[in-house]
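Pasting in a structure now, in structure tokens, and then I'll have a few things to ask.
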Amino acid sequence: MRNSGRSEREVFEAVERVKVIETYPEDEPYPSRLIFGRTFGDRPLHVLCAYTKDEETAIIITAYQPDPKRWIDFERRKK
């Protein structure tokens, strides 16, 4: 995973404390979801994951710290 200020540990922490905020069922090759979580240090992170139903596997596509100017409580996009 490319490090842009996030550690793998922080991503795993955020995924443990998760809320699905957007779903993309038509994504190919697998449906994906944007999830919101916080690290144990309370840092907000968004993680985009794809899910394979056959293998019951989650694939982390990207993780980033959401811009508060673009999100309401990091869970809803501002219009």
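What single numbered condition from (1) in contact (Cβ under 8 Å) with a residue 40 or more places away in the chain; (2) surrounded by fewer than 14 Cβ atoms within 10 Å (Cβ to Cβ); (3) in contact with an Asp or Glu (Cβ under 7 Å, 6 or more places away or on another chain) fails to hold for ILE21?
The failed condition is (2).
Identify the residue in region 60-79 that is in contact with a Lys or Arg (Cβ under 7 Å, 6 or more places away or on another chain) and not in a loop (DSSP other than H, G, I, E, B) and, among all such residues, is nearest to LEU34 (Cα to Cα).
Among those residues, the one meeting the criterion is ALA63.
Oh, and also: Consider GLU75 carefully, then state whether it is among the acidic types (Asp, Glu), surrounded by 11 or more Cβ atoms within 10 Å (Cβ to Cβ) and under 19 Å from PRO25 (Cα atoms).
yes
It is to be established whether one or more residues within region 43-58 are in a strand (DSSP E or B), among the aromatic types (Phe, Trp, Tyr) and closer than 20 Å to ARG77 by Cβ. Working first, answer last.
Going through region 43-58, the residues in a strand (DSSP E or B) turn out to be 44-52, 57-58.
Now drop any that are not among the aromatic types (Phe, Trp, Tyr), which leaves 51.
Now restrict to residues that are closer than 20 Å to ARG77 by Cβ: none.
Among the residues of region 43-58, not one is in a strand (DSSP E or B), among the aromatic types (Phe, Trp, Tyr) and closer than 20 Å to ARG77 by Cβ, which makes the answer no.
Continuing with the same structure: Testing ARG9 on (1) assigned to a helix (DSSP H, G or I); (2) surrounded by 13 or more Cβ atoms within 10 Å (Cβ to Cβ), one condition comes back false. Which one is that?
Answer for ARG9: the failing condition is (2).
Checking GLU28 against (1) touching a strand residue (DSSP E or B) at 6+ places or on another chain (Cβ under 8 Å); (2) at pLDDT 90 or above: exactly one of these is not met. Which one?
(1)
Identify, by number, the condition in (1) surrounded by fewer than 13 Cβ atoms within 10 Å (Cβ to Cβ); (2) of a type in the set (S, T, N, Q); (3) under 13 Å from GLU13 (Cβ atoms) that THR57 doesn't meet.
(3)
State yes or no: is PHE36 modelled with pLDDT of 90 or more, in a loop (DSSP other than H, G, I, E, B) and buried (at least 17 other Cβ atoms within 10 Å of the Cβ)?
In short, no.
The values are calculated or read from the model by the stated rules, or taken from the named source; none is laboratory data. Remember, predicted model here, so these are calculated numbers, not experimental data. Here Cβ is always computed from backbone atoms with ideal geometry, including for glycine, and neighbour counts include all displayed protein chains.
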